[in-house]
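The values are calculated or read from the model by the stated rules, or taken from the named source; none is laboratory data. Bear in mind that the values here come from a model prediction, so they are computed numbers and not experimental data. Cβ atoms come from the backbone with ideal geometry, glycine included; neighbour counts cover every protein chain shown.
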Amino acid sequence: MDENLLLDLLNTTPVVDGSPTDELADAAAGLRWLTAHDQPATADEWRALIAARSVLQEIVRSVDPTAADPAAPSQEAGVASQEAGVASQEAGVASQEAGVASLSAFLDGVAYRPEPGPDGLDWVLDLPEGRSAAARAVLAWDALRTKRPGRLRACANPACRLFLVDHSKANSARWCSMAACGNRMKARRHYQRNRGGSE
């Protein structure tokens, strides 16, 4: 269930009525969020959670969403567009590497230890006090990255700040919600195509 914790954390900075918001902006809201997600609700946990969220959002966003975008410019768009795309991907990789390196602050003190159980050994996760929710989110990100690469991504709508985990067989989901962002982006492209053709 830590995948849900991770996705819920990443999605705590939505755009509401055209303005970016932060659902963890104050301590009271952060403590309520931690409690609702069955995590220790302390000021240290809240501060670590906000810091981890910033790093994780940067890492996930650093992956170029147009790399697998079927609506991305075609070869006719020219060499300049392709070079810009390569430069964007290289910058994204550098940003992702820097972000991954900064995750160590949330993982210090995390350990798995064996414990005898009824059917053999059970592995118990020991988490650092004051950073356990942040550590869980980082571990969930890494589990998704290694077991289901490319499934965690930012919504393809540039005006949206939400994230999604693609559970589709084809790994082709692009929108946090087809009803909201997907339809909006399709309508925008349709309008631009028709407007471009009428001039």
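Checking residue 174 against (1) in a loop (DSSP other than H, G, I, E, B); (2) free of Cβ contacts under 8 Å to residues at least 24 places away in the same chain; (3) of a type in the set (Lys, Arg), which test does it fail?
(2)
Filter segment 104-149 for residues that are of a type in the set (Val, Ile, Thr) and in a loop (DSSP other than H, G, I, E, B) and give the result.
110
Out of segment 1-33, which residues are closer than 29 Å to residue 167 by Cβ, part of a helix (DSSP H, G or I) and not charged (D, E, K, R)?
Selection gives 4, 5, 6, 7, 9, 10, 29, 30, 33.
Would you point out the residue of segment 161-177, among those that are at pLDDT below 90 and surrounded by 13 or more Cβ atoms within 10 Å (Cβ to Cβ), that is nearest to residue 14 (Cα to Cα)?
So, considering only residues that are at pLDDT below 90 and surrounded by 13 or more Cβ atoms within 10 Å (Cβ to Cβ), the one nearest to residue 14 (Cα to Cα) is 176.
Among residues belonging to segment 19-65 that are polar (S, T, N, Q) and touching a residue at least 24 places away in the same chain (Cβ under 8 Å), point out the one that is farthest from residue 155 (Cα to Cα).
So the residue we want is 42.
With respect to residue 35, determine if the residue is of a type in the set (S, T, N, Q), closer than 25 Å to residue 104 by Cβ and either surrounded by fewer than 19 Cβ atoms within 10 Å (Cβ to Cβ) or within 15 Å of the chain's Cα centre (by Cα) (or both).
Spelling it out, it is not the case that residue 35 is of a type in the set (S, T, N, Q), closer than 25 Å to residue 104 by Cβ and either surrounded by fewer than 19 Cβ atoms within 10 Å (Cβ to Cβ) or within 15 Å of the chain's Cα centre (by Cα) (or both).
Any residue that is among the aliphatic types (A, V, I, L, M) and modelled with pLDDT of 90 or more - is there at least one of those in segment 74-88?
no
Tell me which of these residue 99 doesn't satisfy, since it passes every other one: (1) modelled with pLDDT of 95 or more; (2) closer than 12 Å to residue 51 by Cα.
(1)
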